[in-house]
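Below is one structure, written out as structure tokens; comments come after it.
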Amino acid sequence: MEGIWMTAAFYLLAATILGSALLVVMLRNIVHSVLWLAVCFVAMAGLFLTLDADFLAAVQVLVYAGAVCIMVVFGIMLIQRGDMGSTNLFNNQTKAAAGVVALVLVVCGYLAATTPWASPAAAVPEKTVESIAEIMLSKYVIPFEVAAILLLVALVGAIFLAKEVKADVHND
């Protein structure tokens, strides 16, 4: 019975991912596109949970659905266009893009059909987060902290530059 629910969850999450990804690309309002991008990221985290990868699911929600979407919203707010209704501009290359997408889907389908998929040799460990946290906060603590400081400096620098540009626009 558990296999049926896992299969149903997979198909529901996959449909959510595909639908929200399509809406990200097709909507004309960039704010709505970012919201659907967050839905796509959360559904991807759900797929990680069905694979018993709880750490990856948490990282997916925190980093992608949280941080990346917030950064995109900050970028949108700093740009401040007058009319946010049509901020995702379309061009005349839709047919060429559809052809490329169709080609990629055919190649991916062929590769998925011809790949000899193997069953996992061992079961997924019960506690994955503890072992990852132990390694991250002992052996790799310096690179972890350097990455955090680098991201903080980049965020403060982006806000500083945006504030400077905004002040110049109001002075002109």
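Within the stretch 107-116, the residues that satisfy the criterion of being closer than 27 Å to LEU22 by Cβ and either surrounded by 10 or more Cβ atoms within 10 Å (Cβ to Cβ) or of a type outside the set (Ser, Thr, Tyr) (or both) are VAL107, CYS108, GLY109, TYR110, LEU111, ALA112, ALA113. Picking from residues in the stretch 57-72 that are under 12 Å from the mean Cα position of the chain (by Cα) and under 23 Å from VAL124 (Cα atoms), the one that is least open to solvent (accessible area, probe 1.4 Å) is ALA57.
Residue by residue through the stretch 112-129, note down the ones that are within 24 Å of the chain's Cα centre (by Cα) and without any contact (Cβ under 8 Å) to a residue 24 or more places away in the chain. Write out each step before concluding.
Pass one, the stretch 112-129, residues within 24 Å of the chain's Cα centre (by Cα): 112, 128-129.
Result: ALA112, single match.
Taking every residue in the stretch 5-24 that is within 16 Å of PHE41 (Cα to Cα) and pairing it with any residue that is hydroxyl-bearing (Ser, Thr, Tyr), at least 6 positions away or on another chain, the pairs with Cβ-Cβ distances below 7 Å are ALA9/THR50; PHE10/THR50; VAL24/SER33. Number of residues in the stretch 38-64 that are modelled with pLDDT under 90 and farther than 24 Å from SER131 by Cα equals 0. Being at pLDDT below 85 and open to solvent by less than 90 Å² (accessible area, probe 1.4 Å) is not true of ALA98. Being at pLDDT 90 or above, surrounded by 13 or more Cβ atoms within 10 Å (Cβ to Cβ) and of a type in the set (Val, Ile, Thr) is not true of VAL104.
Being surrounded by 11 or more Cβ atoms within 10 Å (Cβ to Cβ) and at pLDDT below 85 is the requirement here; does LEU155 meet it? Taking the combined requirement at face value, the residue satisfies it.
Residues checked against (1) at pLDDT below 90; (2) farther than 30 Å from PHE74 by Cβ; (3) among the β-branched types (Val, Ile, Thr):
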site	(1), (2), (3)
LEU111	no, yes, no
ALA123	yes, yes, no
SER131	yes, yes, no
LEU151	yes, no, no
LYS163	yes, no, no
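Among SER33, SER86, which is modelled with pLDDT under 85 and closer than 30 Å to LYS163 by Cβ?
Numbers: SER33 fails: modelled with pLDDT under 85.
Sole residue among the options that is modelled with pLDDT under 85 and closer than 30 Å to LYS163 by Cβ: SER86.
A count restricted to the stretch 17-46 and to residues that are under 25 Å from PRO120 (Cβ atoms) and open to solvent by 30 Å² or more (accessible area, probe 1.4 Å) stands at 1.
The values are calculated or read from the model by the stated rules, or taken from the named source; none is laboratory data. Here the structure is a predicted model, which means the values were calculated and not measured. Cβ coordinates were reconstructed from backbone atoms using ideal geometry, including for glycine residues, and neighbour counts include every protein chain displayed. When the accessible area is computed, the model is the full protein with side chains, heavy atoms only, and any ligands, DNA or RNA have been set aside. Shrake-Rupley method; radii C 1.70, N 1.55, O 1.52, S 1.80 Å.
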